[in-house]
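Have a look at the structure below before the remarks.
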Amino acid sequence: MAALCLVPLCGCATRAPAPTTWGEVKGAEFERGEWLQSDSNRITQVTMEANLDSLMLLAGKLYRRNPVQWRKTAASLEAALDALRHSIYAHQPWAPLGGQRDTAALSLALAPDFEGDRVAAFIAACADTLITAHNGRHEFYYLNGVDPQYLYNAARNMEIALWILNTRKAADGTPLLLANEMHGEVRNLSFEREFGKIIGRLDLLAGYLTERFRRTAINYVQSLTFTPILGFLPVR
């Protein structure tokens with residue numbers, strides 16, 4: 001019987017390494033602050049970091065398709081991205097949005113009559129919406145809780161923001177920002193895919209945290225039910 005149980009394990013041990021043609025999965029370097037993080041804290045933080053990275057990637061892509069935007073406030077594309085990154089990670093309001101935050105900032109950034117750097121305003125508003133949904137944080141430790149419903153709502157807000165970006169026109173009938181492109185044989189849906197990653201991560205994290213809360217209650221009931229049955233027996 002024992003030999004039969006070892007057969008699957010042997011198969012796993014001799015399995016060929018997974019191909020890394022398109023890249024290799026890597027974990028983050030260890031940080032001292034991780035001692036103060038639970039598993040859910042760490043997953044929440046990794047998800048947040050990935051989503052902010054996606055937003056900065058989208059900012060660069062939007063600036064390249066809409067160079068007139070970064071020229072409104074910066075001497076170069078790189079300088080515009082640096083200023084935006086500093087604002088996001090310091091969780092500071094983007095000045096051209098007039099102090100508006102999260103969804104109110106999104107509404108202003110997507111208003112047809114907004115005259116500032118729309119790329120920066122849009123990405124800063126998206127980031128502020130995500131950070132606000134995470135209780136105003138982008139680092140998470142034992143005493144920092146996140147409400148899954150707010151994460152779910154943030155995912156829906158990202159869907160709405162993307163839909164508005166793709167459909168709303170400026171006063172002259174042109175798109176607010178050039179993003180996805182589908183003309184003839186040209187198919188550029190990279191913006192849609194990157195937003196899809198953000199939305200998917202938010203939904204997965206919301207589901208994970210909801211399941212974690214649910215399982216906590218179930219585990220407690222299980223401990224009360226089965227501990228008397230599965231208790232250790234005397235050996236002397």
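The values are calculated or read from the model by the stated rules, or taken from the named source; none is laboratory data. Predicted model only: the values in this text are computed from it and were never measured. Heads up, the Cβs are rebuilt from the backbone with ideal geometry, glycines too, and the neighbour counts pull from every protein chain shown. We work out accessible area using only protein heavy atoms, side chains counted, and drop any ligands, DNA or RNA first. Shrake-Rupley method; radii C 1.70, N 1.55, O 1.52, S 1.80 Å.
Looking at L143, L97, L106, can you tell me which residue is touching a residue at least 40 places away in the same chain (Cβ under 8 Å) and either on the phi < 0 side of the Ramachandran plot or not charged (D, E, K, R) (or both)?
L106
Within region 100-117, can you find the residues that are open to solvent by 10 Å² or more (accessible area, probe 1.4 Å) and more than 21 Å from the chain's Cα centre (by Cα)?
Within region 100-117, Q100, L108, A111, P112, D113, F114, E115, G116 qualify.
Considering only residues that are open to solvent by 40 Å² or more (accessible area, probe 1.4 Å) and part of a helix (DSSP H, G or I), which ones fall in region 86-99?
Filtering region 86-99 for residues open to solvent by 40 Å² or more (accessible area, probe 1.4 Å) gives 86, 89-93, 95-96, 98-99.
Within region 86-99, H86, Y89, A95, P96 meet the criteria.
Taking into account only those residues within region 118-139 that are open to solvent by 40 Å² or more (accessible area, probe 1.4 Å) and polar (S, T, N, Q), which is nearest to the chain's Cα centre (by Cα)?
Applying the filter and picking the extreme gives T132.
Given the condition crowded, with 16+ Cβ neighbours inside 10 Å, touching a helix residue (DSSP H, G or I) at 6+ places or on another chain (Cβ under 6 Å) and either of a type in the set (S, T, N, Q) or at pLDDT below 90 (or both), answer yes or no: does some residue in region 140-147 qualify?
The answer is yes, given that some residue of region 140-147 is crowded, with 16+ Cβ neighbours inside 10 Å, touching a helix residue (DSSP H, G or I) at 6+ places or on another chain (Cβ under 6 Å) and either of a type in the set (S, T, N, Q) or at pLDDT below 90 (or both).
Which one of these does E192 not meet: (1) assigned to a helix (DSSP H, G or I); (2) over 17 Å from L57 (Cα atoms)?
Status for E192: all satisfied but (2).
Residue pairs, Cβ under 6 Å, 6 or more apart or interchain, first in region 74-88 and within 12 Å of A121 (Cα to Cα), second open to solvent by 30 Å² or more (accessible area, probe 1.4 Å). List them.
A80/W70; S87/W94
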